[in-house]
Amino acid sequence: GITPDELVDDIRRLEAELAVPLVNGQSPGVTPTTAGRSFAELVRPLLAGLELAATEARRVAGALPQVRIGCVPDLPLGRLQGFLGAVYSERPELELDVVYLRTSEQIRRVRSGTLDLGLIHHVGDTDGIALEPVFAGAPLVAFLPLGHRLAQVNAVRAGDILAGGYPLVVPPREADPALADRIVALLSEAGHDVGDVRESIGDDPRSLLLAVAQRQWVALEPASILDAVGDLASLVTVRPIDPPARMPDTALAWRASPPPELQAIVSLARDAASSLRTD
């Protein structure tokens, strides 16, 4: 790596080109001048943008066979692995980088190009985004606070979930509108007045379960979120719903007009989605 003396030499050469002093003192006691601090603040985002552009250029040229994929946090791990495995089986040289994000943030990033693909809750028509169904919605379960009057029953009827004054908590609707709307519709159809729906502070599943445990609220989510919350699972009671109710379907999302370098990846991902949906 570069030594402190070599760094100072580089800075001195930059000072000579700019004809402006950027640092005071000599190594190791170097401090920036006012001009140096101002220069650093202005050049830092430029360097970051240059690094991003260089990385993207290498990726587009095939030097970085990286595919950036978003995934809703409640998708069961086995389903995610099935999708990734189907893609790998055709292109084992690809680097598939996965980040867990709620649906709305995935759509924003896919649209802007900072994600290549998304695995989202199916939200219907979305400007600039194309969708391919992948998985049917997983079963919903009731998450209840410890000591809830329904904690001892084998299965919870939808019509009983909010009885007794327990408020409903859902992920922030702006983060995942399809999920929030599905849950509210389910309880409304069961005869509940859901005008006082609470939204969790954050869109992380742990925020939702903390609200259930600490605020004595109830939530409807797939059991798979227990895999993501660790010890928090011990703070709530989980019960199946009778008759069964399901999450929104999961869909593959991509830019409606992908750039040429992404078209082959999108085609491969769609084939993977089709094979999984058939199975």
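The values are calculated or read from the model by the stated rules, or taken from the named source; none is laboratory data. Quick caveat: nothing in here was measured; it's all calculated off a predicted structure. We place every Cβ from the backbone using ideal geometry, glycine too, and count neighbours over all the protein chains shown. Protein only, heavy atoms only, side chains kept; ligands, DNA and RNA dropped before computing areas. Shrake-Rupley method; radii C 1.70, N 1.55, O 1.52, S 1.80 Å.
DSSP bridge analysis restricted to region 133-279 gives an antiparallel fraction near 70%, rounded to the nearest 5. Between the labelled values [x] 72, 47, 31; [y] 56, 37, 32; [z] 77, 43, 31, the entry that holds Cα extents along the principal axes in Å as derived from this structure is [z].
At 1.4 Å probe size, put Phe143, Phe135 in order of accessible surface, largest to smallest.
Working: Phe143 0, Phe135 25 Å².
Reading off the accessible areas and sorting them downward yields Phe135, Phe143.
Using a probe of 1.4 Å on the protein chains alone, the accessible area found for Ile11 is around 40 Å².
Could you size up the charge dipole of the chain around its Cα centre, putting +1 on the beta carbon of Lys and Arg and -1 on that of Asp and Glu, and report it in debye to the nearest 20?
Numbers: 25 positive and 37 negative charges, 96 e Å.
Around 460 debye, computed over the chain.
Of all beta bridges that DSSP places with both ends in the chain, some 60 percent have antiparallel geometry. Relative to the dominant Cα principal axis of the chain, helix 205-215 is inclined by about 50°. Sorted largest first by accessible area at a 1.4 angstrom probe radius, with every protein chain in place, the residues Val197, Val23 fall in the order Val197, Val23. Projecting the Cα atoms of Leu268, Phe143, Val23 onto the charge dipole of the chain, computed from C-beta unit charges around the Cα centre, puts Phe143 farthest toward the positive end.
With a/c under 1.5 counting as rounded, go ahead and sort region 156-217 into rounded, prolate or oblate using the C-alpha gyration tensor (a ≥ b ≥ c being the square roots of the eigenvalues; past the cut-off, prolate if a/b is larger than b/c, else oblate).
Numbers: a/c = 2.16, a/b = 1.26, b/c = 1.71.
Verdict is oblate for region 156-217.
Using a probe of 1.4 Å, the accessible surface attributed to Leu42 totals some 120 Å² when neighbouring protein chains are kept in position.
In the chain, the portion of solvent-accessible area held by carbon and sulfur atoms comes to 53 percent [1.4 Å probe, whole percent, DNA, RNA and ligands not counted]. For region 151-156, the Karplus equation 6.51 cos²θ - 1.76 cosθ + 1.60, evaluated at θ = phi - 60°, returns couplings of 5, 9, 7, 6, 8, 9 Hz by residue, with Gly and Pro reported as x. For the chain, the relative contact order is 24 percent, taking Cα pairs closer than 8 Å that sit 6 or more residues apart in sequence and dividing their mean separation by the residue count. For Val134, the residues 5 or more places off, or on other chains, whose built amide H falls under 5 Å of its own are Thr250, Ala251, Leu252.
Considering only protein heavy atoms, with the full assembly of protein chains and a 1.4 angstrom probe, order Asp271, Asp125, Asp193, Asp160 by accessible area, largest first. Don't jump to the answer; show the numbers that get you there.
Values: Asp271 95, Asp125 160, Asp193 135, Asp160 40 Å².
So the residues, ranked largest to smallest area, are Asp125, Asp193, Asp271, Asp160.
Anisotropy class assigned to region 186-240 is prolate, per the alpha carbon gyration tensor with a/c at or over the 1.5 cut-off and a/b larger than b/c.
Spatial offset of region 145-170 relative to region 222-263 amounts to 22 Å, using the alpha carbon center of each. Each residue was assigned an accessible area with a 1.4 Å probe, and for Glu189 the value is about 150 Å².
Please label the shape of region 114-263 as rounded, prolate or oblate, based on the square roots a ≥ b ≥ c of the eigenvalues of the alpha-carbon gyration tensor (a/c under 1.5 means rounded; beyond that, a/b larger than b/c means prolate, else oblate).
Working: a/c = 2.25, a/b = 1.93, b/c = 1.17.
Since a/c reaches 1.5 and a/b is larger than b/c, the shape of region 114-263 is classed as prolate.
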